[in-house]
Amino acid sequence: MVKVHSTFVCQQCGYESTGWLGKCPNCGSWGSLVETIVSPKREGRREGGKSGRISKPISLISVSSRKIQRLSTKISELDRVLGGGLVPGQVVLLAGEPGIGKSTLLLQLADKIGSALYVSGEESAQQLKIRADRLSIKSKTISILEDTDVDSVIAAIDKPLIVIIDSIQTMQTTDLNGLAGSVGQVRECAFRLLKEAKAENIPLFLVGHVTKEGTVAGPAVLAHIVDTVLWFEGDKATTLRMLRAVKNRFGPTDEVGVFDMEDKGLSSLTNVDKIFLSSGRKQIAGSVVSSILQGSRPLLVEIQSLVVPTKMAFPKRIGQGIDSRRLELLLAILIRRCGIPLYEYDVFVNIAGGIKVVEPAADLAICLSIASAYFDKPINKNCIAIGEVGLLGEIREVVAQDKRTREAGRLGFREPITSKQQKFIGDAIRKYIGTTPRKRVNWAGQVYK
C-alpha cells in the first residue's frame, strides 16, 4: 500500500514546505500555503503513462453526439435554472447566505426525487426530522447520514438517485491534518466526492458557505472543479428568493428561478409577471412601470419617486434597489438637458418589491418617475418605459427591447415608451407628462424656442 503524506504548497508559485508558513519565503505571498496530499511517484514505462498505454488523439467530427438524458427535479424553477434537469454525474455547488433556504430547498428536492442520501455535517437527524415535519415531507426513501468523514460518506453511497452534502465545509479527511473548512480539506474532500459522483453517474449537491464579503468560502478552485454553481439570494425581510446559475456546463447561465418562502417551504413562482406590481394600480404621480431582464425572463417592476423641497445646502439623493451613482447621473441629465431644478429638492427613488435593478433598461422609467413626481402629474397607467438614457439626453435601445414590449403588452401595458417612440428624454417628458420644463434644452445644449 502506497504511503500517503501531506505537504504545504504555495498556490502562487508552487513552493513546498513540510509545515505551514504564514508567508511564502519564495514569492512573499501571505496565507497562500495550502495543505496538499502527496504520494510517492511510481515508475512508468517511458513510452507511455503509468499503465504503459499510449493515448492517441481522435478527430472531433468522429465523436458521436448523443442527447443528454436528464433527471427532472420536479421543481419547475430549479429545472429552469439547471437547463431542464440534472445530468448523471453532475456536481452542483449551491451557495447562499445563512438562513436563505438552501437546506430547505435541498430537503424538498430529496422528497420530490425519491431515493436520496442526505449527508448532514451541521444538523442532527432529529433537527432534520423537525424541518421535514414542518415541510410535510414523509418520504420513506430519504436516507440521513450524520458524518463528516468524507471517506466514510463515499463508502455509504449505495446507488441513490442523488447525494446531498450539507455542507462541504464540514467534511474532512484524516489524510490531512488541517481542520474541517480549511482550504486543503475543502478542496480534497470536494475532489474525492466529485470522482465518486462521476464514477457512479450520481448527481451530487454540495452546500457552500458564504463569507462576509459575499463570496463562497473556501478556495476558488472549488467553483472550477464542479459542473454547476448556483447562487441562492434574497432579502430575509421578504419572502422572495431567487436562484441564479453562475456557472453551468450543461445548460445556460442566464436563467433565474423565482421562489416564494412560505410556512411549508419554498414554492416555485411560475407566474412572476406581476409579482413586483401592486394590485389595482392607479395613476399616481411618481409611479412608472418598467421591464427588466432576469436571465431570459422579462419582469415588470414599479419605480416610485418622491421629490420634496429642501433648504439644505446638499440635497438628499436616496435610492433603494438601484445604484446611487447611477441615480446621481440621471439627476444630472434631468437638470442639464431638461432644465428641472432638482438641486433644490430631495429626491427619493424606490424599486417596489425589494428587487435590485442593475441594468440601464430602467433609466427612462426612473427619469420619467422623477419628472412625474416633480411636476405632480401622473403618467398613464397603461404606459411602460423601457430604455437607456445617455449623457446627451438621448434614449437608447436596450437588449431584447421587442421581447420586453411584447410581454408588457400581453399584461395590458399597450403604450410602450421606448427609443422608437421618443428620441430624447425632454420630448418624452413633454408628451407623456404634459408639462413643459422651465428651460427646454435639447441634447445639443440648445434652448427650444
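The values are calculated or read from the model by the stated rules, or taken from the named source; none is laboratory data. This one's a predicted model, so the numbers in the text were calculated from it and none came from an experiment. Ideal geometry is used to build each Cβ from the backbone, glycine not excepted, and the neighbour counts take in all protein chains shown.
Things to note:
- Filter pass, Ser296 being in contact (Cβ under 8 Å) with a residue 12 or more places away in the chain, of a type in the set (Gly, Ala, Ser) and surrounded by fewer than 13 Cβ atoms within 10 Å (Cβ to Cβ): yes
- Per the listing Gly286, Gly265, Gly257, the residue uniquely buried (at least 21 other Cβ atoms within 10 Å of the Cβ), closer than 17 Å to Leu109 by Cβ and at pLDDT 75 or above is Gly257.
- Enumerated helices (runs of 4 or more DSSP H) restricted to the stretch 62-161, each holding at least 3 residues that are of a type in the set (Lys, Arg): 125-134
- Extreme residue, farthest from Val349 (Cα to Cα), among residues of the stretch 389-403 that are in contact with a Leu (Cβ under 7 Å, 6 or more places away or on another chain) and buried (at least 17 other Cβ atoms within 10 Å of the Cβ): Ile395
- Some residue of the stretch 146-160 being closer than 29 Å to Asp263 by Cβ, more than 29 Å from the chain's Cα centre (by Cα), modelled with pLDDT of 90 or more and surrounded by fewer than 17 Cβ atoms within 10 Å (Cβ to Cβ): yes
- Checklist (1) of a type outside the set (Phe, Trp, Tyr); (2) surrounded by 14 or more Cβ atoms within 10 Å (Cβ to Cβ); (3) within 26 Å of Ile429 (Cα to Cα) applied to Val308, failing item: (2)
- First in the stretch 147-164 and touching a residue at least 40 places away in the same chain (Cβ under 8 Å), second anywhere and among the hydroxyl-bearing types (Ser, Thr, Tyr), Cβ under 6 Å, 6 or more apart: Val150/Thr173; Pro160/Ser115; Leu161/Ser115; Ile164/Tyr118
- Filtered residues of the stretch 89-106 (kept if within 16 Å of Leu161 (Cβ to Cβ) and either outside the structural domain of Lys140 (by TED's automatic domain parsing) or out of contact with any strand residue (DSSP E or B) (no Cβ under 7 Å at 6 or more places or on another chain) (or both)): Gly89
Results for (1) surrounded by 20 or more Cβ atoms within 10 Å (Cβ to Cβ); (2) in contact (Cβ under 8 Å) with a residue 24 or more places away in the chain, shown as yes or no for each residue.
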position: Gly339; (1), (2): no, yes
position: Tyr343; (1), (2): no, yes
position: Phe348; (1), (2): no, yes
position: Tyr374; (1), (2): yes, yes
position: Lys381; (1), (2): no, yes
position: Ala385; (1), (2): yes, yes
position: Thr418; (1), (2): yes, yes
position: Asp427; (1), (2): no, no
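- Which listed residue, of Ile351, Ile384, Ile355, is among the β-branched types (Val, Ile, Thr) and in contact with a helix residue (DSSP H, G or I) (Cβ under 7 Å, 6 or more places away or on another chain): Ile384
- Test: Ala190 is assigned by TED's automatic domain parsing to the domain that holds Gly84, over 28 Å from the mean Cα position of the chain (by Cα) and in a helix (DSSP H, G or I): no
- Every residue from the stretch 376-408 that is closer than 23 Å to Ile340 by Cβ and in contact with a Pro (Cβ under 9 Å, 6 or more places away or on another chain): Cys383, Ile384, Ala385, Ile386, Gly387, Glu388, Val389, Arg396
- From the options Thr73, Thr36, residue that is modelled with pLDDT under 85, of a type in the set (S, T, N, Q), closer than 27 Å to Arg249 by Cβ and in contact with a strand residue (DSSP E or B) (Cβ under 9 Å, 6 or more places away or on another chain): Thr36
- The one condition in (1) hydrophobic (A, V, I, L, M, F, W, C); (2) loosely packed, with under 14 Cβ neighbours inside 10 Å; (3) not in a helix (DSSP H, G or I) that Ile164 fails to fulfil: (2)
- In the stretch 72-122, residue farthest from Val229 (Cα to Cα) [restricted to those that are polar (S, T, N, Q) and in contact (Cβ under 8 Å) with a residue 24 or more places away in the chain]: Ser115
- The lone criterion from (1) buried (at least 17 other Cβ atoms within 10 Å of the Cβ); (2) under 22 Å from Gly387 (Cα atoms); (3) assigned by TED's automatic domain parsing to the domain that holds Ile395 left unmet by Phe276 is number (3).
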